[in-house]
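Have a look at the structure below, then the notes.
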Amino acid sequence: MTGGEGDMRDEIGDDELEAQLRQLAADREAVPAELLAAAVDAFTWRDPDAELAALVFDSLVDQDATTLVRGGQERLFSFRAGQRSVDLEVTVTGAWRTLIGQVTPSRSAEVSIRHRGGIVSTYADELGRFRAEHVAPGPVSLRLNASEPTETGLITDWVSI
Amino acid sequence: MAAGIDPRRVVSAAAGGDETAWRTLVGEYSGLVWSVIRAFRLDGADAADVFQTTWLRLAEHISRIKDPDRVVAWLATVARRECLQNIKVGRRTVSTGDMSTFEVVPPVRGLVADEDPTAEAILAAEQERQDAARSAALWDAFEALSGRCRELLRVLMASPPPSYADVAAALDMPVGSIGPTRARCLGRLRAGLAERIRGDLAPS
């Protein structure tokens, strides 16, 4: 910066300029209060007793030829915890999302779909298949309730759909 | 560089179910998560989805996080990935009804005195007008930056100031390149600001 005609007030250091930007961002683009409230609220959704099935596949990120063939609007997710997994296909239906899923190893189970609109409950049949409509767009996580006393519940990572 | 909380202690307390510790995490690190979202220019429902998903993800992972010292980098990484996925999927249509909840209420500057303005008050008002004009020019110059520069500066603008290691996680950049890139981008910003200030002063 060698231009000598600059305004005196603007001959400030990088740290000062960055501090001014930080102040501007705080004034003009603060974190919306309702989002802070939602972040505080996130803690109440915690389920530390359940086993967490981690996201291991997202067609959007890991798309390969197999999923490309399907084309269209679906997005596929896979979640896994040890031997148990949940596969999920999400389609956009107007303002809502439709979920079709498969629990492995296949078994019947109560499935709670936790989303911004609350909880949608459905059942996986004896082949482990389930379906839910009218799920709100935004963050979603599934919970498989334990079907036997020896089993723990299973929750999936939150994903945004 | 980030101010004063001990992430290891707070994460461990939150993992044990301490809601106050969770609030501390939200209070301390929301600024960075939000800055990442704004760096990718997401707003409205898209911004809300990413922000909320990031915190829900942490809430579920809090007792399973391997290295609590890196919780901020963990959050920044999740936020970045969610932003990129959100952009890939394509923006959701946002109704005006939804948008209204995201309006930021400007801070009230104090009450206007109802007496005759003194010379001092006039000078103060003039100074305030100039400061506001400079702020507007600075913001405009920032918004006009392209690509990596705008992204980097927007993340650095988080309150409290993030460490370079966390900025590196947020933008998937080598930590060593942040200092030099920052210097170059602030240089560009200065040029843009000077241009705008000259433009304002030029006779129309």
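Each value in this text was obtained by applying a stated rule to the coordinates, not by laboratory testing. Since the structure is predicted, the reported quantities are computational estimates derived from the model, not experimental observations. Positions of Cβ are backbone-derived with ideal geometry, glycine not excepted, and every protein chain shown enters the neighbour counts.
For the reader, a short list of remarks on this structure follows.
- Gaussian network model of chain A, Cα within-10 Å springs - most flexible of A:ILE100, A:ILE119, A:ILE12: A:ILE12
- Shape category assigned to the range A:41-140 from the gyration tensor of Cα positions, a/c cut at 1.5: rounded
- Residue among A:PRO149, A:PRO48, A:PRO105 with the largest mean-square fluctuation in a Gaussian network model of chain A, springs linking Cα atoms under 10 Å: A:PRO149
- Where labels lie 7 Å past Cα in the beta-carbon direction, separation of B:THR118 and A:ALA26 in nm: 3.0 nm
- For the pair B:ARG129 and B:SER163 in one chain, pulling the backbone fully straight at 0.36 nm per residue adds 8.8 nm over the alpha carbon distance.
- Efficiency of FRET between A:ILE100 and A:ASP62 - r from beta-carbon atoms, R0 22 angstrom, step 0.05: 0.70
- Chain lengthening between A:GLU126 and A:ASN145 when straightened (0.36 nm per residue, less Cα-Cα): 5.4 nm
- Neighbour counting of Cβ atoms within 10 Å sorts the residues A:LEU142, B:LEU138, fewest neighbours leading, into B:LEU138, A:LEU142.
- In plain terms, the residue of A:TYR123, B:TYR164 with the fewest other Cβ atoms within 10 Å comes first and the most crowded comes last, giving A:TYR123, B:TYR164.
- B:ARG64/A:THR93 FRET efficiency (R0 35 Å; Cβ-Cβ; nearest 0.05): 0.55
- Model label points for A:ASP47 and B:LEU84, set 7 angstrom from Cα along the Cα-to-Cβ axis, are 2.9 nm apart.
- Anisotropy class of the protein assembly as shown from Cα gyration tensor, a/c 1.5 cut: prolate
- Isolated cysteines of the protein assembly as shown, defined as having no other cysteine beta carbon under 4.7 Å away, are B:CYS83.
- For chain A, built as a Gaussian network whose Cα springs stay under 10 Å, the top-fluctuating residue of A:ALA42, A:ALA54, A:ALA146: A:ALA42
- Taking Cα atoms only, the orientation of helix A:14-28 departs from the longest principal axis of chain A by about 60 degrees.
- Burial ordering of B:HIS61, A:HIS134, fewest other beta-carbon atoms within 10 Å first: A:HIS134, B:HIS61
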